[in-house]
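Every number in this text was worked out from the coordinates using simple rules, so none of it is lab data. Model, not experiment: these values are computed from the prediction. Here the Cβ positions follow ideal geometry from the backbone for every residue, glycine too, while neighbour counts run over all protein chains shown.
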Amino acid sequence: MSTESQAAPVVADLADLRFSPTAALFEGGKVAGVGITVFVVHQKPGGFVELHTHPYPETFFVIAGRGRWTAGETVVELGPEQVVSVPPETLHGFRNLGDGELHVLSVHESPTLIQTFTETPPA
């Protein structure tokens, strides 16, 4: 058994991390001292996230629903259990194509959120 003290786990409720009506934001550096930032998104039918960039990669995991991602010149449609990773400084965004909510988990390789929006809708 180690005599070194261990840090306690950090627990948070998504309701306390509300970023917008459709998303919760876990900024790992601020909340738990970790090097990632994560969005949990529940996008309504027809809803979208405008094109934007980050200085780091962002990886999207589709949990439920169907969406269309624009990443640079590439447009892909994804469904449950599919993943797309967008390189740094690549203009990207997504929209819900389905009749139900699109549930997405997006991981940013940064302890804080850094993004620049264009106010332009994705494809």
Compute, for the chain, the length of the dipole vector about the Cα centre, with Cβ point charges of +1 (Lys, Arg) and -1 (Asp, Glu) only. Units Debye, rounded to 20.
180 debye
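The chain: percent of C-alpha pairs farther apart than 19 Å? Don't skip to the end; give the middle numbers.
On the way: 3652 of 7503 pairs.
Result: 49 percent of Cα pairs exceed 19 Å.
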Per residue Cα convex hull volume in Å³ - calculated over segment 56-111
67 Å³
From the phi of every residue in segment 97-114, what ³J(HN,Hα) in whole Hz does the Karplus formula 6.51 cos²θ - 1.76 cosθ + 1.60 yield, where θ is phi - 60° and glycine or proline is x?
9, x, 8, x, 5, 9, 9, 9, 10, 10, 10, 9, 7, 7, x, 9, 7, 10
Mean residue ellipticity (222 nm) of the chain, computed from DSSP H runs ≥ 4 via -39,500 (n - 2.57), nearest 500:
-500 deg cm²/dmol
